[in-house]
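Bear in mind that the values in this text are calculations on the coordinates, not laboratory data. No experiment lies behind these values; they were computed from the predicted model shown. Here the Cβ positions follow ideal geometry from the backbone for every residue, glycine too, while neighbour counts run over all protein chains shown.
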């Protein structure tokens, strides 16, 4: 996984499938949320990989430049191809905020997955609902789980519901009451709830 700057979480026994997750605009593969989610997937019997996007491999801190999206999309395709080699079974990918949005864009452009899992999907910049980031959602044809805080400034639950409905495949919204964009919660085990929803949607 060195070629994609990925950290692998392996389950005990034979894996049921693989999961590839990446970070938000200001984060990295070391984000506590990604670590906790990957640990949960491994406990459930899946190989889970948290990886850095290309812009983060180039510099350790700061948001992605506007010119980064093309390379980051290619990096997501590369990462999913790499994790496919780790185990047979279903392939799940996604990420937090920017990383999830770009993974959804890659999926809308033909990246083959069995399920998409998006954490704090950034529906629009804070305070700018007119700048919706939903134009590609109708082109996603795989089941999708949205895990979203009810106090997220990048989009409310009421805004998320019609956005999720644009996807012509089964979708689930995991509401994290009171959580903001970082999905921190003292009341809900967010990784467990997200993985439960994903496994249920996979059937």
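The tail of the calculated P(r) for the stretch 19-100, taken as Cα-Cα distances beyond 21 Å, holds 25 percent of the pairs. Ellipsoid semi-axes for the chain, based on the Cα gyration tensor and the rule √(5λ), read 23, 19, 17 Å when sorted largest first. Entry note, the chain: the mean residue ellipticity at 222 nm calculated from DSSP H runs of n ≥ 4, each adding -39500 (n - 2.57), is -9500 deg cm²/dmol after division by the residues and rounding to the nearest 500. So if R0 is 22 Å, what FRET efficiency would residue 70 and residue 139 give, r being the distance between their Cβ atoms, rounded to the nearest 0.05? Once rounded, the FRET efficiency stands at 0.80. Neighbour counts of C-beta atoms inside 10 Å place 46, 41 in the sequence 46, 41, starting with the fewest. Compared with the rule-of-thumb size 2.2 N^0.38 Å for a compact globular protein, the stretch 43-148 has a Cα radius of gyration ratio of 1.08. Residues 182, 12, 189 in ascending order of nearby Cβ atoms (within 10 Å, fewest first): 12, 189, 182. Within the listed set 54, 65, 138, the residue fluctuating most in the Gaussian network model of the chain (springs between alpha-carbon atoms under 10 angstrom) is 65. Once both labels are positioned 7 Å from their Cα atoms along Cα-to-Cβ, the gap between residue 112 and residue 128 label points is 3.7 nm.
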